[in-house]
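J.: Okay, handing you the structure first.
A short reminder: the numbers here are calculations on the coordinates, not readings from a lab. Nothing here was measured: the structure is a model prediction, and the numbers come from that model. So basically every Cβ, Gly included, is an ideal-geometry build from the backbone, and we count neighbours across all protein chains shown.
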Amino acid sequence: MILKYAILAFVFWLLYKIVFGFIVPVYQSTKQVRRQMGDIQEHLRRQYQQQEQAQRQAAQAQQQQQQYAASKKADKGDYLDFEEVK
C-alpha cells in the first residue's frame, strides 16, 4: 500500500516537474517571441509607409518642377525682344 502511494507521489512529482519545468517556460517563450515578431512587423510596416509617402512627395515635387519649367519655356516663346529704335 505504501509502495502504491510512493509510486503515485513520484508520478505526480514527475508530472509537476515536466509541466512547470518545460511546458510553461516553452509557452511563455513562444508568447514572447510572437509578440516581438509582431512588434518588428509593425515597425517595418510603418517604416515602409513613411518611405512610400516620401517617394510620393518627391514625385509630386518633381512633377511640379517639370510643369513650372514647361510653363516657363512656353512663356519664353511668346516674348519678343525689345530693341530700342534711334
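J.: Along its principal axes, what span do the Cα atoms of the stretch 1-70 show, with the longest given first and each in whole Å?
T.: The principal-axis extents, from largest down, are 101, 9, 7 Å.
J.: Right, something else. If you line up the long axis of helix 2-18 against the longest principal axis of the chain, both from Cα atoms, how many degrees apart are they, to the nearest 10?
T.: Its long axis makes an angle of about 10 degrees.
J.: Rounded to the nearest 10 degrees, what's the angle between the helix 24-78 long axis and the longest principal axis of the chain, both from Cα atoms, 0 to 90?
T.: 0 degrees
J.: Quick one: putting +1 on the C-beta of Lys and Arg, -1 on the C-beta of Asp and Glu, what dipole do you get for the chain around its Cα centre, in Debye to the nearest 20?
T.: So the dipole magnitude of the chain works out to roughly 1000 debye.
J.: Let me ask something else about it. Net charge around Glu52, counting only other residues with Cβ within less than 15 Å of its Cβ (Lys, Arg = +1; Asp, Glu = -1)?
T.: +3
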